[in-house]
Amino acid sequence: MTEMKNLLGIIGSPRKMGNCELIVKEIAAAAPGAPKLRMIRLAEKDIRPCKACYRCLGGDCPHQDDFPGVLRAIMEADAVIVAAPAYLRGAHSSLQRFLDRGLQAYRHVDALYGKPAVAVATAGVEDGEGSALLGVENFIRQLGLSLKGRAVVRATFPGDAIVSEEGRSAAHRLAVALVSPDGYTPEGVSCPECRGTYFEFRGVNGVYCLSCGGTGIFSVDNGKAHLEIGPPAHSWRTKEDMASHGKWLIGQREEFLRQRERLKDAVKPYLGGEFI
């Protein structure tokens, strides 16, 4: 069992004492070892849009905002809980706004990679979560954290997440998963590369994993689905993969600088236009 003293709850919801905050607190209360819980209301943080300058790969981001403090809190925690509500069948935008600046994570692979984390998406109606849980999982995966468990909790009104047996049961299951030495293996069909369960089906039998980018084929044998998926061209499945991808990104920035003048000439005919 993994020792866990400092637990970080990332709340991707603007509602104070809403279901995301409550489920985070319920998971923490049920966690073995009574870890100290610190929380971040991500929607309240000043996290500005990425400027696409790539300066963060070799130095500091030009933005002076709350991003470094949140990233530092993630690095300092022993484990992380990430919870966000479904907004129009997707995860609340505060998660993606943070992740848009996530190239900086490649400078801190040692402090981030493999840190245990669990994902929760709340949805107000049955089957209303859409891609929200995928968004929460993606937040965890792209930072290099280790997904230990996940859950969708149906919660229409503030408080439903902990009043319902479904919510409390999910919280206690995830609390145990956080300290388990075992990796997360979902039920049913999953990607053999990353254990993701979100796919785009292409053509007759092609499949693309939305969690890791692996591609392959699927088939059905005796009523059971089978997936054959290979690793993506740019993977972050292992610590070495993540470090290698960071180096590749730095190389791409340098290559762009070498080609910048040529590219400027190519785009000159497209200058101008009417913007609202």
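The values are calculated or read from the model by the stated rules, or taken from the named source; none is laboratory data. This is a predicted model, so every value here is computed, not measured. No Cβ is skipped: glycine too gets one built from the backbone with ideal geometry, and neighbour counts run over all protein chains shown. Calculation scope for accessible area: heavy atoms of the full protein, side chains included, ligands and nucleic acids excluded. Shrake-Rupley method; radii C 1.70, N 1.55, O 1.52, S 1.80 Å.
Descriptive notes on the structure:
- For region 1-111, DSSP calls about 15 percent of its internal beta bridges antiparallel.
- Every helix of 4 or more DSSP H residues in the chain counts as -39500 (n - 2.57), and over all residues that averages to -10000 deg cm²/dmol at 222 nm.
- Cross-link partners for Lys51 among the aspartates and glutamates, with Cα-Cα distance under 19 Å and sequence neighbours closer than 8 places in the same chain left out: Asp60, Asp65, Asp66, Asp100, Glu254, Glu255.
- For the chain: accessible area per residue (Å², 1.4 Å): 54 Å²
- Rolling a 1.4 Å probe across all protein chains gives Ile40 an accessible area of roughly 20 Å².
- Using only side-chain charges placed at the Cβ, +1 for Lys and Arg and -1 for Asp and Glu, the dipole size of region 16-84 relative to its Cα centre rounds to 80 debye.
- log10 of Debye I(q)/I(0), alpha-carbon scatterers only, for region 211-276 at 0.17, 0.25, 0.26, 0.27 Å⁻¹: -0.81, -1.03, -1.06, -1.09
- Between Gln104, Gln259, Gln142, the Gaussian network model of the chain with springs among Cα atoms under 10 angstrom shows the greatest mean-square fluctuation at Gln259.
- In region 81-230, Cα pairs under 8 Å separated by at least six residues give a relative contact order of 18 percent.
- Straight Cα distances below 23 angstrom link Lys16 to the lysines Lys25, Lys36, Lys45, with same-chain residues fewer than 8 positions distant left out.
- Among Ala83, Ala243, Ala34, residue whose mean-square fluctuation peaks in a GNM of the chain (springs only between Cα atoms under 10 Å): Ala34
- Share of carbon and sulfur in the accessible area of the chain stands at 51%, probe radius 1.4 Å.
- Region 177-260: C-alpha gyration tensor shape, a/c 1.5 cut-off, then a/b vs b/c: oblate
- Solvent exposure of Lys247, expressed as accessible area, is near 150 Å², computed with a probe of 1.4 Å over the protein chains only.
- Candidate lysines - alpha carbon under 21 Å from Lys239, same-chain residues fewer than 8 apart omitted: Lys115, Lys148, Lys247
- The solvent-accessible area of Thr238, taken with every protein chain present and a 1.4 Å probe, is close to 40 Å².
- Rounded, prolate or oblate (a/c below 1.5 giving rounded, otherwise prolate when a/b exceeds b/c) for region 90-206 by Cα gyration tensor: rounded
- Mean sequence separation of contacting Cα pairs (under 8 Å, at least six apart), scaled by the length of the chain, corresponds to a relative contact order of 17 percent.
- Bridges between two residues of the chain, per DSSP, are antiparallel at a rate of about 40%.
- Only Lys, Arg, Asp and Glu carry charge here, each on its Cβ (+1 for the first two, -1 for the last two); on that basis region 1-152 has a dipole of about 260 debye about its Cα centre.
- Accessible surface ranking that places the most exposed of Cys53, Cys194, Cys209 first, with a 1.4 angstrom probe: Cys53, Cys194, Cys209
- Seen through its C-alpha gyration tensor, with square-root eigenvalues sorted a ≥ b ≥ c, region 38-143 comes out prolate because a/c lies at 1.5 or above while a/b is bigger than b/c.
- Of interest is the spacing of the C-alpha centroids, which for region 238-258 and region 7-50 amounts to 32 Å.
- When the Cα convex hull of the chain is projected onto planes of every orientation, the mean area is 18.1 nm².
- The chain: most fluctuating residue of Met75, Met17, Met242 per GNM, C-alpha cutoff 10 Å: Met17
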